[in-house]
Amino acid sequence: MVRELLLGDNAFIGVSHLCQEKAKEEDKECQLENKANVVRAALEGGATGFTFSSHKSNLELLTYFHDSDKALLGRMNYYILVPYSQSYVRKSNVDGTPALIKSKLRDFFSAKMSISDALVSLLTLKLDRLAGVFLESELIPYFEILPRKNIKGILLHEVLTELFIAFDLMDSIKPLERHMNTRFNVGFGLETRNFSSLSNSLTKSGHFPEYIMTPINRVGYQMTESKDGVENAIKEVGKKSKIIAINILASGIVSLDQAIEDLERYEDSIYAITTASSKPNRAFSNFQKLSQTFLIKPENNINTLINQVLY
Amino acid sequence: MSTEKILQEVENWKSYMNQDFNISIVGFGKMGALHSGILNLLKPGSVKAVVDKGRLLTFGASRIIKCTKFYRDLDEMLRKNNPDTVYVTTPAGSHYNIVSRLLESQVENIFVEKPPTIDSRQLSSLINKKGSSKRVMVGFQKRFALPFRHAKNIISEGEIGEIENVSSYIKSSDILTRTDRFDNIGRGVLLDLGIHLVDLLNWMLKIDTVKSSNFKKIFTNVDDYFEFTMKTAKGADVFVETTWSSPEHRVPLTYIMIRGSKGTLEVTEDHLRVEYIGNYPEKRNKRLELYKPNYYQSTPPVNLGDPEYTLENMHFLQTICSSEEPLTSLENVRETMYLVDELYRKAQM
């Protein structure tokens, strides 16, 4: 059952999976005030949350709301994707990978981090502890400005998720999730573009994280190993984890109506739907349509009420 | 558009993944992690060993990753792991010595990241050492991006007519602060990034000569910006610009615009646009425009980094199984390295 409609941040940080030309155009038009208007319009349209990577532009946007419209921050749930991998690629290009590792180790001992956690993770070299401290170093600025109760999930960026799968490290997911739950009292999840491989690895490890974020669209773009394989796996994994659908428009080659038609087939397996736009009016109309289809249903309203009463 | 013609690697891929691979990675930086990740996702457990000089990295990684052995010494890895295939993903300055050592060893298949060497003299030496029984592929992954493959087909089938002129660039924002890490190689953006575009242009259009060449230093002591003009074998001018210090390019972008007698083609890693001119009844539409999601639908079977990296790896594994020569073998990229040398020579660098 769809519970959340999330605004994505691609248009805010110069990412387009359609092509870079479009990303650059969007980046130019997406100045701070326009981004803020997109967020407001999405909320008016029916968005319930914001999912974003730990890119400095998002911190700037959220800080802007924190300073000028704190009430608005309380109207959204947050799903934070860490780390922002592109910044590491750049650092590695400039100074090389060894220098990058050393600089990250220095960050572990920065003033705002728990020194004892950093020391323990380095001395024990346990992946869950190391990864936890590593992710924490990027999350701290967001935890300082966002309402804690609205931060619902921390998701591991796809680059790390895929490497966890590739190097057979899925046994570390459960302790990592526990670490994030204990440390921040939030849910934990994985983002992937290799859903079939992830599904196999999770089944093997026997642990399914609270959230899994993955592309779902009509044309099978970024759905590997194949669209059919992913569709089948989602129906199974959706019983154990909360699936967050991203790239539902296949970067723009699928219409919203087509996407809605497809997503309705998964309704029982999908927890959240994400879409992004650089234009306020588009954000408003897209979320209005999505909320009318997925959220404004009698049974959903009853469930929402029960949830509000219980939690 | 049918992708079959430009997507040979995916056909029957599971059949050649049945073979057991004993792969080692030399250099566990971002490219080493990327290739080993893709290889293990394609064929779980295929990367058996990693060699990296970094003490901290090998110690830490060996404690965390149990399915792969970590070494600091190449010879020790060769002796203990006896790999059939080795990926060389170290900094460019070390490629020549490492590949030379691997060519002397029992390793049959070698993949070396671009640039294969720092100049054509080193490359010729590797080709001489290689002999006929070994396979060496160079990581020019742009040739595996479907829009570029599609563009090559359109050009070779004469769809845009005779090539009149070409304008192109490859830009990134990789170097935006002062660094001296390229001093030891003595070459900069042209060798590191521009070489992709030189290789693509030569592959698509067959470059004949270098007309002019200039460079600028910005953040390093080598070339941070390079612009040059080349000529195709059929006499068309090809203008090229390359820099790694362009803040507006969050990720690297390769752009090629080709004006032909029957139309104009624009292509990047993720986009192809063709505008046909005049009355060509064989073309139903005056315009063809395709984006990344048009090309990569349920394919390739692994998605880590850009899809061309997976296709490149699949191509290499496929050539190993079929005993064919890779598209970007040392021999097939020799002209690219000659052109790079000539561009540096003409720029008096």
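The values are calculated or read from the model by the stated rules, or taken from the named source; none is laboratory data. Please read these numbers as outputs of a predicted model, since none were measured by experiment. Cβ sites come from the backbone with ideal geometry, for glycine too, and all protein chains shown count toward neighbours.
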message: Among the residues of the range A:163-174, are any within 12 Å of another protein chain (Cβ to nearest Cβ), surrounded by 19 or more Cβ atoms within 10 Å (Cβ to Cβ), in contact with a helix residue (DSSP H, G or I) (Cβ under 8 Å, 6 or more places away or on another chain) and in contact (Cβ under 8 Å) with a residue 60 or more places away in the chain?
response: no
query: Quick check, is B:LEU197 in contact with a Pro (Cβ under 7 Å, 6 or more places away or on another chain) and touching a residue at least 40 places away in the same chain (Cβ under 8 Å)?
result: no
task: Starting from residues that are charged (D, E, K, R) and over 18 Å from B:ARG259 (Cβ atoms), keep the ones in the range B:130-160 and report whichever is surrounded by the fewest Cβ atoms within 10 Å (Cβ to Cβ).
output: B:LYS134
query: Among the residues of the range B:136-143, is any at pLDDT 95 or above, within 23 Å of B:PRO116 (Cα to Cα), within 12 Å of another protein chain (Cβ to nearest Cβ) and assigned to a helix (DSSP H, G or I)?
result: no
task: Filter the range A:251-289 down to the residues that are within 14 Å of another protein chain (Cβ to nearest Cβ), part of a helix (DSSP H, G or I) and at pLDDT 95 or above, then identify the one that is surrounded by the fewest Cβ atoms within 10 Å (Cβ to Cβ).
output: A:GLN258
- prompt: Mind checking which pairs have a first residue in the range B:52-75 that is within 11 Å of chain A (Cβ to nearest Cβ) and a second that is modelled with pLDDT under 90 and assigned to a loop (DSSP other than H, G, I, E, B), Cβ under 7 Å, 6 or more apart or different chains?
  reply: B:GLY60/A:LEU125; B:ARG63/A:LEU125; B:ILE64/A:LEU125
message: Being under 20 Å from B:GLY194 (Cβ atoms) and away from chain A (no Cβ under 14 Å) is the requirement here; does B:ASP119 meet it?
response: yes
message: So, B:THR264, is that one modelled with pLDDT of 95 or more, within 16 Å of B:ILE154 (Cα to Cα) and more than 23 Å from the chain's Cα centre (by Cα) or not?
response: yes
query: Does B:PRO301 satisfy being over 22 Å from B:ILE163 (Cβ atoms) and within 14 Å of chain A (Cβ to nearest Cβ)?
result: yes
message: Please determine whether any residue of the range A:209-231 is within 30 Å of A:ILE140 (Cα to Cα) and assigned to a loop (DSSP other than H, G, I, E, B).
response: yes
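Looking at the range A:212-243, which of the residues that are among the polar types (S, T, N, Q) and within 14 Å of chain B (Cβ to nearest Cβ) is surrounded by the fewest Cβ atoms within 10 Å (Cβ to Cβ)? Walk me through how you get there before you give the answer.
In the first step, residues of the range A:212-243 are kept if they are among the polar types (S, T, N, Q); the result is A:214, A:217, A:222, A:224, A:226, A:232, A:241.
Of the ones still in play, those that are also within 14 Å of chain B (Cβ to nearest Cβ) are A:214, A:217, A:222, A:224, A:226, A:232.
On the way: A:THR214: 26, A:ASN217: 25, A:GLN222: 27, A:THR224: 29, A:SER226: 15, A:ASN232: 13.
Once the filter is applied, the top-ranked residue is A:ASN232.
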task: Kindly indicate whether any position in the range B:216-228 is under 18 Å from the mean Cα position of the chain (by Cα) and more than 28 Å from B:LEU272 (Cα to Cα).
output: no
query: Of all residues in the range A:177-197, which are in contact with a Leu (Cβ under 7 Å, 6 or more places away or on another chain), more than 19 Å from B:LYS14 (Cβ to Cβ) and within 10 Å of another protein chain (Cβ to nearest Cβ)?
result: A:THR192
Residue satisfying all of: in the range B:155-208; touching a helix residue (DSSP H, G or I) at 6+ places or on another chain (Cβ under 7 Å) and of a type in the set (Lys, Arg); modelled with the lowest pLDDT among these: B:ARG181
query: Just a yes or no: is a residue in the range B:239-259 at positive phi and over 17 Å from the mean Cα position of the chain (by Cα)?
result: no
